[in-house]
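The values are calculated or read from the model by the stated rules, or taken from the named source; none is laboratory data. Only a predicted model underlies this, so the values are computations on that prediction, with no experimental measurement involved. Cβ: placed from backbone, ideal geometry, glycine included. Neighbour counts: every protein chain shown. We work out accessible area using only protein heavy atoms, side chains counted, and drop any ligands, DNA or RNA first. Shrake-Rupley method; radii C 1.70, N 1.55, O 1.52, S 1.80 Å.
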Amino acid sequence: MTEAVLTLNAGSSSLKFGLFPAQGDRPLATGLADRIGEQGTLTLRGADGRPLTPSSGDLSTHLGAIRVMIDSLHAEYPGLRLLAVGHRVVHGGAAHAAPVRVTDAVLDQLTDLTPFAPLHQPHNLSGIRAATEAFPGVPQIACFDTAFHRTQDRVNQTYALPRSFYDDGVRRYGFHGLSYDYIAGALPDIAPDVAHGRVVVAHLGNGASMCAMLGGRSVASTMGFTALDGLPMGTRCGQIDPGVLLYLMDQKQMTPAGITDLLYRQSGLLGLSGLSNDMRTLEAAGTPEAAEAVAHFVARCQREIGSLAAAMGGIDALVFTGGIGENARRIRAAICARLDWMGITLDPARNEGAGDTISAEASPVVVLVLAANEELVIARAARAAVAA
Ligand code: ADP
């Protein structure tokens, strides 16, 4: 018999999952159900990364995809017993500073947070509902992208609005917390000298944010009330003057739905380049607009690193993670190129190599590249919840 925990990350039409053993960090299997609906596909990989053949079945709903996925995993691991299912949930609100076992009351509470994250929360919760139906009696553990930031002080969690708005939930929550949690846990082994110091973590993927960590705890972050704030992203605008929104409503008669589409899906790298949300495509494009989109991204990253360092009174380490942070060497070099005044100096050869450390030997600030691993954070939380 194989005892394991399952991690699920449910999006609008996708479901990423990982099967982790009862102990140990290496997944037994990982996979992605994509384009759930008419043209659903399922890809699966085993412990050694080799592709597994998925079972056939209905991929038109999240529940169907979970069933096909578990059938496929049973074929690979006969006698598989799930101890718990851990879910990535974008919003835990002000109440949840840690993972929580899902009950009907918790599900109601998380459903009430949907207006704060309308594009993500409903899909995360439908993943929980589908898994509850597929695995009756197996504990479901919700792990929140906001939880890691609940250590921030009130100044960093407030907007300068009348106080009643804060009480109504209009505050800075911060996101990508599972990624930051992983980095905070990994740093003491990888860089013990700086792990407990002043660290800026740059999670640069299709979604992008940064977090200032002091002693492994979040003290400030670039994302706020929603995952729109801060850095420009693949299709999201990042920080914007709220006056722009007033102008769009008043003078351009744009509706809330139109503005949502503009800010979440048409902006960022895609909007600036008029070409693509994908950094690889932009780096290869060679058009002035693509170059300008990349330059904008780099400049905003530089400013936010400065801002977060100021929030901590300095910086001891800068960590890059996420698809761009881990792979886009030229972007890392461009970001760091104008930060030498802060003590950040890259070693060009290390930046091209595969090691963790990419800063120069004499650089006062250590610069690291670490692979994101939100799934492991979720798996550990699921194990801990059932062990408690
Ligand atoms: P998500 O936020 O959807 O999880 P990822 O963390 O996978 O996204 O990051 C996706 C981004 O990483 C894309 O913009 C992609 O172009 C970029 N990326 C991945 N590999 C490279 C690379 N070798 N060079 C430049 N950018 C890359």
Take L339 and decide whether it is open to solvent by less than 10 Å² (accessible area, probe 1.4 Å) and under 19 Å from the mean Cα position of the chain (by Cα).
-> no
If we only count strands (runs of 3 or more DSSP E) wholly inside segment 1-115, which ones have 3 or more residues that are buried (at least 18 other Cβ atoms within 10 Å of the Cβ) and under 22 Å from the mean Cα position of the chain (by Cα)?
-> 2-10, 15-21, 29-34, 80-89
Give segment 133-159 a look and list any residue that's under 15 Å from R101 (Cβ atoms) and crowded, with 22+ Cβ neighbours inside 10 Å, or say none.
-> Q140, I141, A142, C143, F144, A147
Subset of segment 116-132 (residues that are part of a helix (DSSP H, G or I) and either open to solvent by 30 Å² or more (accessible area, probe 1.4 Å) or at positive phi (or both)) = F116, P122, H123, S126, R129, T132
For segment 360-380, pairs from a residue that is over 23 Å from A29 (Cβ atoms) to a residue that is open to solvent by 10 Å² or more (accessible area, probe 1.4 Å) and within 15 Å of the ligand (Cβ to nearest atom), with Cβ under 7 Å and 6 or more apart or across chains, are V369/E326
Single condition Q266 does not satisfy, out of (1) within 16 Å of P232 (Cβ to Cβ); (2) in contact with a helix residue (DSSP H, G or I) (Cβ under 7 Å, 6 or more places away or on another chain); (3) surrounded by fewer than 17 Cβ atoms within 10 Å (Cβ to Cβ) | (2)
Considering only segment 349-388, how many residues are among the acidic types (D, E), open to solvent by 30 Å² or more (accessible area, probe 1.4 Å) and more than 17 Å from A22 (Cβ to Cβ)?
-> 3
Can you tell me which residues in segment 137-159 are of a type outside the set (G, A, S) and in a helix (DSSP H, G or I)?
-> F148, H149, R150, T151, R154, V155, N156, Q157
